[in-house]
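Computed from the coordinates by the stated procedures, all read-outs in this text should not be read as laboratory data. As the structure is a computational prediction, the values presented were derived from the model and not from experiment. Neighbour counts are summed over all protein chains in view; Cβ atoms, including those assigned to glycine, are modelled from backbone coordinates with ideal geometry.
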Amino acid sequence: MHNGAARDSLAPMNQQLTLHICGGTSRSRAEQARTAFALGCHAEIYAELGELLGRQVAPGAVLAGGMLLEAGIGNVIDRLGAAGIWLPVVAVAQAPGVQDVVRAIEEGALDVLALPLEHDELARMLAKLAGAAERHVASRRSMVEAQMRIATLSRRERQVLDWLAEGFSNKLIARALAISPRTVEIHRANMMDKLGVEHSAEAVRLQCLAGLESTARRGGEEDLASAPLRVIIPSTGDRAQARALPRAA
């Protein structure tokens, strides 16, 4: 199909999407907006992410560039999620290298585009966005919400959850943690109450959904006490990015 015809076929679908263009120079943002308009998209421009966070945003995607990339796409996604904004994030950069692309995707970016934006590349991303945006957003929201719930657990409660995920009974968990089975039952009940679940299987499912690395089988209790929660960001490739979450007292 001719490129122009392809863009024309995408236009009605694109009219329902808004590209929220953040970061980079004013000239770069204007150029990105013009390319979006040419493909039938609406574009909103923000000098920095803070301008976007306090608004109700239309469906679409966030195009993040400039200084935002230096902080990391994961940081952008976290800030958006904290503000209740679950739009997919696309990294935009001048001549991104292979490692730049891998890092951005590992941290949760939907795509990575080179600047200046090419019509065909943006059209490709928009087609991908239309097909994957709802699943991407729902998956990211579920993961972040699960991580936030698990982050409320105390160290002991988190240990009990991790050993449950390993398939251990209360008696075996007690032996692993050198505490009584009754104490395990108390921590287990508190853990389930904080997570808002009624069955252990639901708690384990929540841990899997959160993508958190287990603290079980890591060695001594001192190591477990000092180790931060590590978030494993799912990747379409063979690698995954770990990022620390705050630990509840």
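Structure summary
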| quantity | calculated |
| --- | --- |
| Inverse of mean 1/r across different Cα pairs in segment 3-133, Kirkwood, Å | 14.5 |
| Packing-based exposure ordering (other Cβ within 10 Å, fewest first) of 45, 173 | 45, 173 |
